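Nothing in this text is a laboratory measurement; each read-out follows from the coordinates by a stated rule. Computed from a prediction, not measured in an experiment: that's the story for all the values here.
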Amino acid sequence: MGYFGFKENQHVQAATRSTPTFFFHGYGSSYRAEQNMTAAIRRAGVTNTIVRINVSRTGKATLIGRIPRGTRNPLVEVNFADNRLSGTSGSYVNAYYTTGARYVRNAINAVTKRYGYRTINAVSHSMGNLEYCTQPGGNHDAPTMSRIINHYGKELFK
């Protein structure tokens, strides 16, 4: 048994809908940390589309690649240029809530606004968990979160 009583390497049945899954890397890392996972998902036949979002230190999100119409379960590798939130002053808690959350919001918006997605999934690790979870609520234009998986592989929402 692994963490939280889950069996290691559990088989998960993938949905056959078009919901993008965002992959948020951890502190000091990059999208490259997620590439083995996204490549394995592609090899398993769950998707055939992987794109990347580069988020600059100023928060500008740039989409690398495109998601063809009708793509099943596209994967989005998010890359934060400021992967240590070094451009912020004060505590890390404040940095996650302000700068990190803005980076996450901009990455999600770059995809959902361009392609019209109303529901998303997220896989996040370490710093990516904190940044995603500190986004302020009440944004009625934000997409609905279908599933989020943190770095332990524990599903938080169903």
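Under 5 Å from the amide H of PHE22 lie the amide H atoms of VAL76, ASN121, ALA122, VAL123, each residue being 5 or more positions distant or on a separate chain, with H modelled from the backbone and absent for Pro and chain starts. Around the amide H of ARG84, modelled in the peptide plane, lie the amide H atoms of GLY28, all under 5 Å away and 5 or more residues distant in sequence or on another chain.
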